[in-house]
Amino acid sequence: MTITAQDPKRRALGKGLDSLLPRVQAPATPSADAESGKPLEISVEKIDRNPFQTRHVMNEDQLAELAASITANGVVQPILVRPQANGRYQLIAGERRWRASKMAGKETIPAILRQVSDEQAMEITIVENLQRADLNPMEQARAFERLSREFHMTQEQMAVRTGKDRTSVANFLRLLRLPATVQTRVETGDLSFGHAKALLAFEHAEEMEKAAQKVVSLSLSVRQTESLVQNLLHPERAPKKEPKPEPVVDPNVREVQDTLQRALGLKVHIEDHNGRGKVIIEYSRLEDFDALLDQLASR
C-alpha cells in the first residue's frame, strides 16, 4: 500500500526521531552552528562506535560502493553524534556513512550534535535501524525484543514508531523461538524470513534443526519448505516422493523475469532451455487479465 505524504503514521515517524534528539550547544567553531541544527565537521578519528548498535552484519561490497560515492560526492546526509566527557564523540546514527568515510580516506565527516542519555541513544539507534530495510531478519527480531524488554513498548507502539504493521512485529519476535543454529542460518542468508516462519510450526528445537538442514541441503523454496513441514507434522498425508530442489535459474533470465514482473505488475515465470522456452504470466483477477491485454495491445 502506498503511503502518502499526509499519512499520520509517517508524520509522527518523521518527527519522532527528532523529538528524541534535543539539540546541544556546540563549542565555538567557524564551521558549526549546532544550536540551529547545522552540522559540524568532526574528525572521523574522534568518533567512537555506538555500543547500542543493532546491526551486526554489514555488506562490505555495499560499503565500498558508498565509499566510492562519498569520494565523488561527499557525505550527503550528516551523521548523528553525542559529545563525550573526554572530548570525543559517540555515534547515534550513521555508522555506514562513518565507516565508508574512513574507507574513502576522509579526515572529517559532517555531524549533528545531540545531547541524549544512554537510554535515549539506545532507543534512537534501534528505531533508526528498524526503519531501514537492510537489517537481516534476526537483527530485526532482536531489535524489537530490546525495545520490548528495555523500553517496555507494546507491539502496537513498536509498529507505530518503526512504520511497520503490528503483525510483522509479532512475526519477527516469533523468530527468537528458533534454536541458535537455525538463527545463524537466517543471519547468513541460508534461510529466508519465509523459511524461518514455516519452521516455527514445529514445537521442538530438534525438529526445527533437522528440517532446516534438509531445506538448505535441497535448496527448497519457501513453498516447498511449507509442504515439507506439513508432511513431517502429518506423515500420514505425506507423498512418497522427496521434494526436488528448485532448478538453478540463469542470472540473465532472472533479471529479465524481474523486469517483466515490475513492468506488468504480475507474477512472471520464464522457463528457458538453451534459448528455447516459454514465458508464463500469472493473474488472479479478471481485472489483472484485462489490464495485461491493454498493455500488450498498446505496444
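All of the numbers you see were taken from the coordinates with simple rules; none came from a lab. Being a predicted model, the structure only gives us computed values, none of them experimental. Positions of Cβ are generated from backbone atoms using ideal geometry, with glycine treated the same way; all protein chains shown enter the neighbour counts.
Spatial offset of the stretch 277-299 relative to the stretch 101-160 amounts to 43 Å, using the alpha carbon center of each.
In plain terms, the chain from MET103 to HIS273 could stretch by 56.8 nm, reckoned as 0.36 nm per residue minus the Cα-Cα distance.
Once a ≥ b ≥ c are taken as the square roots of the eigenvalues of the Cα gyration tensor of the stretch 251-297, is the result rounded (a/c under 1.5), prolate (a/b larger than b/c) or oblate (a/b not larger than b/c)? It is prolate, given that a/c is not under 1.5 and a/b is the larger ratio. Taking the inverse of the mean 1/r over every pair of distinct Cα atoms in the stretch 156-299 gives a Kirkwood hydrodynamic radius of 18.2 Å.
Taking a threshold of 20 Å on the Cα-Cα distance, which of the pairs LYS38/LYS102; LYS164/LYS197; LYS46/LYS102 fall above it? Checking Cα-Cα distances, LYS38/LYS102 exceed 20 Å.
Order these by the 10 Å Cβ neighbour count, fewest first: ARG142, ARG166, ARG285. Let's see the in-between values first.
Values: ARG142 19, ARG166 14, ARG285 8.
With the fewest neighbours first, ARG142, ARG166, ARG285 line up as ARG285, ARG166, ARG142.
Ranked by the mean number of other Cβ atoms within 10 Å of their residues, highest first, the peptides 67-74, 204-211 come out as 204-211, 67-74.
Full extension of the chain between LEU296 and GLU119 gives 58.1 nm of extra length, using 0.36 nm per residue less the Cα-Cα distance. To the nearest 0.05, how large is the calculated FRET efficiency for ALA85 and THR154 if R₀ is 41 Å and r is the Cβ-Cβ distance? Rounded to the nearest 0.05, the efficiency is 0.70. Take each peptide in 215-222, 265-272, count the other Cβ atoms within 10 Å of every residue, and average; sorted highest first, the result is 215-222, 265-272.
Could you tell me the calculated FRET efficiency between GLU206 and GLN53, based on Cβ-Cβ distance and R0 = 30 angstrom, to the nearest 0.05? For R0 = 30 Å, the calculated efficiency reads 0.35. In the frame of its principal axes, the stretch 61-117 has Cα extents of 33, 18, 17 Å, reported largest first.
Please give the contour-minus-distance gain from THR181 to LEU233: 0.36 nm per residue of separation, less the Cα-Cα distance, rounded to one decimal in nm.
Working: separation 52, 0.36 × 52 = 18.72 nm, distance 2.08 nm.
Contour length minus Cα-Cα distance gives 16.6 nm.
To the nearest 0.05, how large is the calculated FRET efficiency for ILE280 and LYS214 if R₀ is 30 Å and r is the Cβ-Cβ distance? Computed FRET efficiency for ILE280 and LYS214: 0.60.
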